[in-house]
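The values are calculated or read from the model by the stated rules, or taken from the named source; none is laboratory data. Values in this document were obtained by computation on a predicted structure and should not be read as measured data. In this analysis, Cβ positions are derived from the backbone assuming ideal geometry, glycine residues included, and neighbour counts consider all displayed protein chains. Surface accessibility is based on the protein's heavy atoms, side chains included, excluding ligands, DNA and RNA. Shrake-Rupley method; radii C 1.70, N 1.55, O 1.52, S 1.80 Å.
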Amino acid sequence: MSRSATNGAEWWRNAVVYQIYPRSFADANGDGVGDLPGITGRLAYLAGLGVDAVWLSPWYRSPMADGGYDIADYRDIDPLFGTLQDAAALLDAAHDRGLRVIVDLVPNHCSDRHPWFQAALAAGPGSAERELFHFRPGCPEADGTEPPNDWPSAFGGPAWTRLPDGDWYLHLFNQAQPDFNWDHPRVRAEFESILRFWLDRGVDGFRIDVANLLIKQAGLPARASLPPGAPSPYEDRPEVHEIYRSWRAIADSYPGERIFVGELWVGPASLKRYLRPDELHTGFNFPYLQAPWNGPRLRAIIDQTLETHASVGAPATWVLGNHDVTRVVTRYGRVDSSWALDGIRVHDAPLDLGLGTRRARAAALLYLALPGSAYIYQGEELGLWEVEDLPPELRQDPTLRQSGGADLGRDGCRVPLPWAADEPGFGFGPGGGAPPWLPQPAGWKALAVDAQTGGDRDESMLELYRRALSVRRAEPSLRGSDLAWQAADPDEHTDVLVFARGAEFVCIVNFGADPIPLPAHDSILLTSTALTADGRLGPDAAAWLRRTSAA
Ligand code: GLC
């Protein structure tokens, strides 16, 4: 199989990875839901966009209680998405185009339909089958009618559900997602076998779902019982690193640099422990995603990120969005783009999509110029916004119900992609098929792939991404790990970031309200929005410059 020509050794250090949410990418069979043949049919688009790899959110057999993050069979494809043959065809077709394929692995929990959990339910309290999960009697003071401890579910409510036989089981997410007991050797052996199953089939890596949650503190102590400042009993436990060391050894035993990227909602001091040379290759850098559109804040996070990663020799990752968070155009379109309480969902502050789009364009040039690997969540390259007005009855994310309506959930960033402006469902599926599983806003007509492609569409978000990725690929200085901040200009604008990569490449971002002069340069490679008539960089804009002579 051929691998990307532009990526040599350690391809993952600089890779641009495109995240596909399979339900919402492209529908080949006309049932209104995206599928694997739909993805295979659109690989030419992704290769043309200029990405190096794709990461697919879960494709496994699943009742879809949490969009596929509830897995009933880790060695099969859900019929909604296709078959194992479709997966093999997708892998081959991607590799033929030089695209690598990273799949999602969900080790913290499975589906309540998983055969192990079904067997545990049938076997009853005290059985060996229940030891593969966390089953407990309820709190003795309440005669077993209250949960065994005070741990909350990330989606709202308690992390425990009671069975008719009296036992409770732990689920840090939905009740249809029972947590595995990672202290059990069978769980460890099973996941090593699952890794090999997919590595044998040619996947290039794994994105590890909630990678910091697997291990629970012995005895499952209540949070209220722990001294103030004690580490969380279920997050970031030190024993989790043994698991990743064993996984790394497995990945390294395969040819072709198979890699891991951890979903790690942890601070920098913790993050770097997961990125030691014998653990995960990369981990998501969420502080950057969570930051508002603010120059000094972003600069501080960039510095801290680079320092943290350099200390363990790992590349940074840069992420603007994913299937769990409000789309970047919408986040940055809030005049105050800082975060609501839960850190990722803002629904009520006034929204200016024009502003958000302008900032998202500048943000693209900023994050694609930083040292390390970059992720694009499907539709970011089209400038899609969060669909915040979906009718509640169409929303499927369990968060909405589990939070008692306090959180609208994540459906708004999962609306099917618009491919063709003049077709039903904007070409998400074949003509005559079912409509997309979530309705697309009429305004996405102008954002469809064909409406943003070629000719006089030079100014489109899609063409900006295509050009940025092609410059990034061609520019040797963007492959290193260096970044040198430069003084902004003689006026010392504090709302401007300027940095050089190598001797020639300069990126400038204007976060302020006034146009600013460009620093000395020989040529302009790209600007996120047109310069002013007198050649200055407007507000919320960025430029890539080449400086060949010492300036
Ligand atoms: C991760 C996934 C999210 C899922 C959760 C539980 O955060 O990204 O979509 O709901 O894990 O698996």
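Worth a mention:
- For the range 249-364, the fraction of alpha-carbon pairs lying more than 26 Å apart is 29 percent, rounded to a whole number.
- Legend: translational diffusion of the range 71-152 by Stokes-Einstein, Rh = Kirkwood radius over C-alpha pairs, 20 °C, 1.002 mPa s; D = 133 µm²/s.
- For the range 167-284, the normalised intensity computed at q = 0.14, 0.18 Å⁻¹ comes to -0.64, -1.02 (log10 of I(q)/I(0), Debye sum over alpha carbons, equal scatterers, no solvent).
- Quarter of the Cα convex hull surface for the chain, i.e. its orientation-mean projected area (nm²): 25.8
- Taking amide H as placed 1.01 Å from N in the peptide plane, the amide H of Val16 sits under 5 Å from that of Asp52, Ala53, Ala374, each at least 5 places away or on another chain.
- Shown is the FRET efficiency for Asp534 and Arg276, computed with R0 = 41 Å from the Cβ-Cβ distance and rounded to the nearest 0.05: 0.20.
- Relative to the longest principal axis of the Cα atoms of the chain, the long axis of helix 295-310 makes an angle of roughly 60 degrees.
- Selection of trypsin sites (Lys or Arg not before Pro), the range 458-551, meeting DSSP coil and at most 14 other Cβ within 10 Å: Arg536
- At full extension, Ala154 and Ala189 could sit 9.9 nm farther apart than now, given 0.36 nm per residue minus the alpha carbon distance.
- Under Karplus coefficients 6.51, -1.76 and 1.60, residue-wise ³J(HN,Hα) of the range 511-528 in Hz, glycine/proline x: 8, x, 8, 10, x, 10, x, 6, x, 3, 7, 9, 8, 9, 7, 6, 10, 6
- Pairwise FRET efficiency - Ala128 versus Thr548, Cβ, R0 = 60 Å, nearest 0.05: 0.30
- Taking all protein chains into account, the per residue accessible area for the chain stands at 37 Å² (1.4 Å probe).
- Taking the range 153-175 and a reference point 7 angstrom along Cα→Cβ of Thr145, the backbone N atoms nearer than 17 Å belong to 161-168.
- Lys/Arg +1, Asp/Glu -1 at C-beta; the chain dipole; positive extreme among Thr326, Ala89, Pro231: Ala89
- Amide hydrogen neighbours beyond the local backbone of Phe206, cut-off 5 Å, H modeled: Val103, Ile259, Phe260, Val261
- Under 5 Å between amide hydrogens, built in the peptide plane, is the criterion, and for Asp397 it picks out Arg410, Asp411 among residues at least 5 positions away or on other chains.
- Percent carbon-and-sulfur accessible area, the chain, ignoring ligands, DNA and RNA, probe 1.4 Å: 53
- Using θ = phi - 60° in the Karplus curve 6.51 cos²θ - 1.76 cosθ + 1.60, the 3J(HN,Hα) couplings for the range 82-94 round to x, 9, 4, 5, 5, 5, 4, 5, 5, 4, 5, 5, 5 Hz; x is entered for Gly and Pro.
- Among the GluC sites (Glu not before Pro) in the range 449-551, those placed in a DSSP loop whose Cβ has at most 14 other Cβ atoms within 10 Å are Glu459, Glu492.
- What you get for the chain, charging only the Cβ of Lys and Arg (+1) and of Asp and Glu (-1), is a dipole of about 1000 debye around the Cα centre.
- Solvent-accessible surface (1.4 angstrom probe) belonging to Thr326, in square angstrom, nearest 10: 0
- Length released on extending from Ser470 to Leu220, taking residue separation times 0.36 nm less the Cα-Cα span: 85.0 nm
- Whole-Hz Karplus values for the range 464-480 come out as 4, 4, 4, 5, 4, 5, 6, 5, 4, 5, 7, 9, x, 5, 7, 8, x Hz, taken residue by residue from phi with 6.51 cos²θ - 1.76 cosθ + 1.60 and θ = phi - 60°; glycine and proline positions read x.
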